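The values are calculated or read from the model by the stated rules, or taken from the named source; none is laboratory data. Computed from a predicted model, the values in this text were never measured in an experiment. No Cβ is skipped: glycine too gets one built from the backbone with ideal geometry, and neighbour counts run over all protein chains shown. Please note that ligands, DNA and RNA were not included when accessible areas were found on the heavy atoms of the full protein model with its side chains. Shrake-Rupley method; radii C 1.70, N 1.55, O 1.52, S 1.80 Å.
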Amino acid sequence: MRLVFLTPHFAPDVAPTGAVATRLVAELAERGHEIEVVTALPWYREHRIEAAWRGKLVRFEDTPWGRIARVHPFPVADKQSIFKRALAFGGFSMLAAQIAARGPNVDVVIAMSPPLTLGVSGWFAARRRDAAFVLNVQDIYPDIVTELGLLTNKAIVRGLQATERFLYRRADAVTALSLDQQRNVAGKVPSADVEVIPNFVDLEVIKPARKENSYRKEHGLEGKTVVMYAGNIGFSQALEPVIDSAAALTHDEDVVFVINGQGATRPALQAKAADLPNVRFVDLQPSERLGEVLAAADIHLVPLKRGLSQSSFPSKVYSILAAGRPLIACVDARSALADLIERSGGGVVVPAEDAESLTKEIRNLIRAPSDLQRMGKAGRRFVQTAASPAAVAESYESLFKRIAR
């Protein structure tokens, strides 16, 4: 089949969605599909185009399986400015639409959202190239920004909601990461064809490994009990209660909280934790160190703001389980994410934004090393059957065959 894939990030960019898109394209290419990728010039690490990629608005690369077109993302350093980010997304999506719409007819066009505007680009390209259109939903917009109170202008919210419903109605299929997301989409557009396909994890790259590694040595963590959050430090992540929990555990000298990553709310978190000796902030690591970073923790944290489980599903959960490390999910009760953690046996669930419950659970797990080992092994077994790259690629391939024109 001939496919066009629109994604906001692609290797060598280091964004999590880029890793997902890159591996999915590789898996589909191995199955014999011809693929065009339309993406942004690498910019995620410092929110500006990396030096080696500057100087051109669009760059093309030929590959054994097709081609990659990289367009200017108009990056915005100030992630708290919704208006500036909207303009950037709009400019990037317009360029991506022009590139993706060129060429002969293809079988399927798939577009990742967010940004929601890239979905419009995908729909436009599918129309121009007589293809079926798949909207791949990673997070549901505008629900996330309205839940967080980041966007309150009613006219803009109505416009985004109209765009969202427009895409759900016109997509030949919508893919969601969880049952909660599936119910969210179906509740807005009952006629939408919504299929749950999780993001995958590379089980050869992410696997159980010894925790006393070079990452620990580099950051002075040798011999410590490491409680880690690794990922984007943004508005969706409820990291303030994590700092509160660290404050409550300052007398446990062996326990160190590590927050590994970057994002809009990191400066405020660092200010909040300035006087806490048991909190370390570590910059975003190269993607090739992901397995090492995950292995360095005794306990991983997945904290979401209250109410976001219906629209967001952190794919880092699968990576943590694959690494054979237990996790504490601070999420809404009775959400799809809470259900997955409980079914996997790879961790425990505490209420979202509840520092007291989080602190209590950390203490319980630290005092029961056998439970940590049991959860780590159970999580690894679960993810081997639920989210391998081959299984996820097969699900997408089956979907493409079902809807291709």
Point to revise | Portion, in percent, of the accessible area of segment 268-405 that falls on carbon or sulfur, probe 1.4 Å | key: 47 percent
Practice item. Please compute the Cα-Cα pair-distance distribution of segment 326-405 with 5 Å bins starting at 0, giving whole percents from short to long. Key: 3, 14, 18, 17, 16, 11, 7, 6, 4, 2, 1, 0
Point to revise | Other-chain or far-sequence residues with amide H under 5 Å of residue 347's (modelled H) | key: 327
Review point. Cα-Cα over 20 Å: which of 217/377; 154/305; 316/360; 272/305; 217/316?
Key: 217/377; 154/305; 316/360; 217/316
Practice item. Compute the length gained on full extension between residue 306 and residue 356: take 0.36 nm times their separation in residues and subtract their Cα-Cα distance, giving the result in nm to one decimal. Key: 16.5 nm
Review point. Using unit Cβ charges (K, R positive; D, E negative) and no other charged atoms, how large, in debye to the nearest 20, is the dipole of the chain about its Cα centre?
Key: 920 debye
Point to revise | Cα convex hull volume per residue for segment 81-160 (Å³) | key: 81 Å³
Practice item. Could you do me a favour and compute the accessible area per residue for the chain, 1.4 Å probe, result in Å²? Key: 42 Å²
Point to revise | Size of charge dipole - segment 1-61 - debye, nearest 20, with Cβ of Lys, Arg +1 and Asp, Glu -1, no other charges | key: 180 debye
Check your understanding: Taking one equal scatterer on every alpha-carbon of segment 322-364, how large is log10 of I(q)/I(0) by Debye at q = 0.17, 0.18, 0.27 1/Å?
Key -> -0.43, -0.48, -0.97
Check your understanding: For segment 114-220, which GluC sites (Glu not before Pro) are both in a DSSP coil and crowded by at most 15 other Cβ atoms within 10 Å?
Key -> 204, 212
Review point. For segment 25-127, which GluC sites (Glu not before Pro) are both in a DSSP coil and crowded by at most 16 other Cβ atoms within 10 Å?
Key: 46, 50
Study note, to complete from the structure: Counting sequence-distant residues (5 or more places) and residues on other chains, those with an amide H built under 5 Å from that of residue 225 are 255, 256
Review point. Cβ under 13 Å from residue 69's Cβ, residue 69 left aside: what net charge do those residues give with Lys, Arg +1 and Asp, Glu -1?
Key: +2
Review point. How much of the calculated P(r) for segment 172-300 lies past 21 Å, in percent of all Cα pairs?
Key: 53 percent
Review point. Of 114, 389, 57, whose Cα points farthest to the positive end of the dipole of the chain (charges on the beta-carbon: +1 Lys, Arg; -1 Asp, Glu; origin at the Cα centre)?
Key: 57
Point to revise | Per-residue HN-Hα couplings for segment 282-296 [Karplus 6.51, -1.76, 1.60; θ = phi - 60°; Hz; x = Gly/Pro] | key: 10, 5, 3, 9, x, 4, 5, 9, 4, x, 5, 4, 5, 5, 6
Exercise for review: Using DSSP, restrict attention to beta bridges with both residues in the chain and report what percent are antiparallel, rounded to the nearest 5.
Suggested key: 15 percent
Revision key, fill the gap. Computed over segment 280-364, the relative contact order (Cα-Cα under 8 Å, seq sep at least six) in percent reads 27 percent
**Study point:** For residue 194, distant residues with modelled amide H under 5 Å away
**Key:** 174
Practice item. Tell me, rounded to the nearest percent, the portion of alpha carbon pairs in the chain spaced more than 38 Å apart. Key: 18 percent
Check your understanding: Using θ = phi - 60° and the Karplus form 6.51 cos²θ - 1.76 cosθ + 1.60, what ³J(HN,Hα) does each residue of segment 189-204 get, whole Hz, x for Gly and Pro?
Key -> 9, x, 7, 5, 8, 10, 10, 8, 9, x, 5, 9, 9, 6, 6, 7
Point to revise | List 405, 59, ordered by accessible area with a 1.4 Å probe, largest first | key: 405, 59
Exercise for review: State, to one decimal in nm², a quarter of the convex hull surface area for the C-alpha atoms of segment 16-145, i.e. the direction-averaged projected area.
Suggested key: 8.1 nm²
Study note, to complete from the structure: Under the 7 Å Cα-to-Cβ spin-label approximation, residue 334 and residue 250 lie apart by a distance in nanometres of 3.9 nm
